[in-house]
1. In the set A:L216, A:L210, which member is touching a strand residue (DSSP E or B) at 6+ places or on another chain (Cβ under 8 Å), within 27 Å of A:V7 (Cα to Cα), within 16 Å of ligand 2 (Cβ to nearest atom) and away from chain B (no Cβ under 14 Å)?
2. Can you report the number of residues in region B:32-53 which are open to solvent by less than 40 Å² (accessible area, probe 1.4 Å) and over 14 Å from B:I188 (Cα atoms)?
3. If you check every pair at least six apart or on different chains, which have Cβ atoms under 6 Å apart with a residue in region A:55-66 that is within 19 Å of A:R78 (Cβ to Cβ) first and a residue that is open to solvent by 70 Å² or more (accessible area, probe 1.4 Å) second?
4. Is it the case that B:A217 is assigned by TED's automatic domain parsing to the domain that holds B:A41 and more than 30 Å from A:L104 (Cα to Cα)?
5. Please count how many residues of region A:168-208 are outside any loop (DSSP other than H, G, I, E, B) and more than 16 Å from ligand 1 (Cβ to nearest atom).
6. Any residue in region A:149-163 that is within 16 Å of ligand 2 (Cβ to nearest atom), within 14 Å of chain B (Cβ to nearest Cβ), of a type outside the set (A, V, I, L, M) and within 20 Å of the chain's Cα centre (by Cα)?
7. Given A:K41, A:K9, which one is within 16 Å of ligand 2 (Cβ to nearest atom) and either more than 20 Å from B:L211 (Cα to Cα) or out of contact with any strand residue (DSSP E or B) (no Cβ under 9 Å at 6 or more places or on another chain) (or both)?
8. Output the residues belonging to region A:117-133 that are open to solvent by 20 Å² or more (accessible area, probe 1.4 Å) and not in a helix (DSSP H, G or I).
Amino acid sequence: MIRLDKVTKLYRGGHEALREVSLDINPGELIFLTGHSGAGKSTILKLLALIERPTRGQLLVDGRNVGRMPAREIPAYRRQVGMVFQDHKLLDDRPAFDNVALPLIIAGLGRREIEKRVRAALDQVGLLDKERQVPLALSAGEQQRVGIARAVVARPRLLIADEPTGNLDAALSLEIMQVFRRFNEVGVTMVIATHDLALASRISGRHVALDHGRILDDGSGRS
Amino acid sequence: MAGLFTHQLRDALATLGRLSRQPVATFLTVGVIGIALALPAGLQLLVEGGRGLAGSWNDLRDFSVYLKPGTGIDKARELSASIGGHEEILDVRLIEADSALAEFGADPAFGEALRALKENPLPHTLVVRPRPEATPEQLDNLQAELGARPEVDLVQLDTQWLMRLAAILEVLRRGIWIAAVLLVAAVIFIVGNTIRLDIQNRRQEIEVSKLLGATDAFVRRPFLYIGFWYGLLGGLLALLLLGIALLLLQGPLGRLAALYGADFAGFGVGLRTLLGVLGAGVASGCAGAWLAVSRHLSAIEPRV
Ligand SMILES: Nc1ncnc2c1ncn2[C@@H]1O[C@H](COP(=O)(O)OP(=O)(O)OP(=O)(O)O)[C@@H](O)[C@H]1O
Ligand SMILES: [Mg+2]
């Protein structure tokens, strides 16, 4: 269980990106973070990945305040968080296989296990036949699917995605969202930030609406 | 433990593979390192060889102690024994006045003149051979000490040229040390700069790896291995260059040594040189990598 408890984030320069945001992320949930540009969607994801730290308030994972976690423990924490980016952040000079294998290499798995898991992940995103291709030889949608395969291959306890369909047309966007949905159905907890309300509304999940650093509606039906 | 080792070995070989994929750049870096290491090592070998040669000119370091005329043979033997007890001295040979005369008398150039004399004009003489490791300073002190003895008339020792040679070799030796330190520093900078560029080129990979939970040690490791390989390959190249240079010098040096009647053992690359060059290469390669990594790697944090 992951909980943001009255989290305030001030960026350097004093800009208040989040103000006393409280949010529970339950295991197995699929959460869409929506809101206008600058609402604080990416900031929440960056906090969950410990790329940024809360200025005030607590970020609790299983009761532990990871917001104050020492820097040397961050790598181990991040290995439990899969990340998907709008620009997918694949390594351009490596084939799809190597890109997907990277989290497993970092985790120190053996070669056999890596091959098995990478093939399974590529199979799940429908790219088993493209494992030798470098990202540039793949379409935008395929690149993003490689990105998703990389994010799930190490079986993270949380997957975060920041505008994963930002570069894709409507049809491809829906297809990518359905890929996320399928992973969520097998138990991966997800937080996806998107400004595309129409797209998000076509996928069943919890919708959390942000506005100027505050939660308007946390989608739990309680507010 | 064994698993960790094979892991490390695999990583090391993987970085070697990475180097082999950019053969030209790798060769240039390794070439510069090799030359930088070969230079001081080669000069060092030459100077060591020179010292060996100087030390092996034993008969040139022999000196004669002429006793005062009229010193008895018993006294001469006593003196010979006492000088022989010195630690700088290898051997003392007594040439008795009579046998010196006989030797000279056999020479047609002197024979006539000597036979005209009533008495033997030659004194007893001691020919002293110092130990090879005795320094010119020690020989000088020895000369002064022997010259002060009442029975001794004259000590003939020409250490001037030996002192000069030793002084020149000492200057060279120091110079080589300084050059070696500077060149090793140069190797550290070369490796450091090469790896700094490598880090810049791999910025994206480093950022992504950190996002995916790579530790600093994980990100650092391949660069340290690259430094290690640069150092090792540079060291091997330096040894190869040394070997070729010595092969080319072997003939002329042998002839030079023969001219001086020195027993010339040759200038092989000994185990010490081998380990020294490889050790210096690996150490400076790793040091350069470490410098680059600690200065430039921590600055790369993922930006999202
Ligand atoms: N590194 C930063 N330094 C300073 N201010 C920042 C930084 N990152 C974000 N901000 C500010 O914080 C606010 C929230 O930014 P955030 O990126 O979370 O918004 P967002 O909801 O993701 O917007 P978008 O839909 O445009 O991606 C914005 O006003 C932004 O300008
Ligand atoms: Mg954003």
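1. Values: A:L216 fails: within 16 Å of ligand 2 (Cβ to nearest atom).
Residue meeting the stated conditions: A:L210.
2. First pass over region B:32-53, keeping only residues open to solvent by less than 40 Å² (accessible area, probe 1.4 Å): B:33-34, B:36-38, B:40-42, B:45, B:47, B:49-50, B:53.
Those left that are additionally over 14 Å from B:I188 (Cα atoms): B:38, B:40-42, B:45, B:47, B:49-50, B:53.
Matching residues across region B:32-53 total 9.
3. Matching pairs, first to second residue: A:L60/A:R3; A:N65/A:Q58.
4. On the way: assigned by TED's automatic domain parsing to the domain that holds B:A41: yes; more than 30 Å from A:L104 (Cα to Cα): no.
So B:A217 does not fit the description; no.
5. Step one: list which residues in region A:168-208 are outside any loop (DSSP other than H, G, I, E, B), which gives A:170-185, A:190-193, A:197-201, A:206-208.
Subsequent filtering for residues that are more than 16 Å from ligand 1 (Cβ to nearest atom) retains A:170-172, A:174-185, A:190, A:201, A:206.
Going through region A:168-208 one residue at a time, the tally reaches 18.
6. Applying the first criterion (within 16 Å of ligand 2 (Cβ to nearest atom)) to region A:149-163 yields A:160-163.
If we keep only those that are within 14 Å of chain B (Cβ to nearest Cβ) as well, we get A:160-163.
Those left that are additionally of a type outside the set (A, V, I, L, M): A:162-163.
Those left that are additionally within 20 Å of the chain's Cα centre (by Cα): A:162-163.
Yes: region A:149-163 contains one or more residues that are within 16 Å of ligand 2 (Cβ to nearest atom), within 14 Å of chain B (Cβ to nearest Cβ), of a type outside the set (A, V, I, L, M) and within 20 Å of the chain's Cα centre (by Cα).
7. Values: A:K41 fails: either more than 20 Å from B:L211 (Cα to Cα) or out of contact with any strand residue (DSSP E or B) (no Cβ under 9 Å at 6 or more places or on another chain) (or both).
Being within 16 Å of ligand 2 (Cβ to nearest atom) and either more than 20 Å from B:L211 (Cα to Cα) or out of contact with any strand residue (DSSP E or B) (no Cβ under 9 Å at 6 or more places or on another chain) (or both) holds for just one of A:K41, A:K9, which is A:K9.
8. Step one: of region A:117-133, the residues open to solvent by 20 Å² or more (accessible area, probe 1.4 Å) are A:117, A:119-120, A:123-124, A:126, A:128-133.
Of everything in region A:117-133, those that are open to solvent by 20 Å² or more (accessible area, probe 1.4 Å) and not in a helix (DSSP H, G or I) turn out to be A:G126, A:E131, A:R132, A:Q133.
The values are calculated or read from the model by the stated rules, or taken from the named source; none is laboratory data. Predicted model, so just to flag it, every value in this text is computed and none were measured. In this analysis, Cβ positions are derived from the backbone assuming ideal geometry, glycine residues included, and neighbour counts consider all displayed protein chains. We work out accessible area using only protein heavy atoms, side chains counted, and drop any ligands, DNA or RNA first. Shrake-Rupley method; radii C 1.70, N 1.55, O 1.52, S 1.80 Å.
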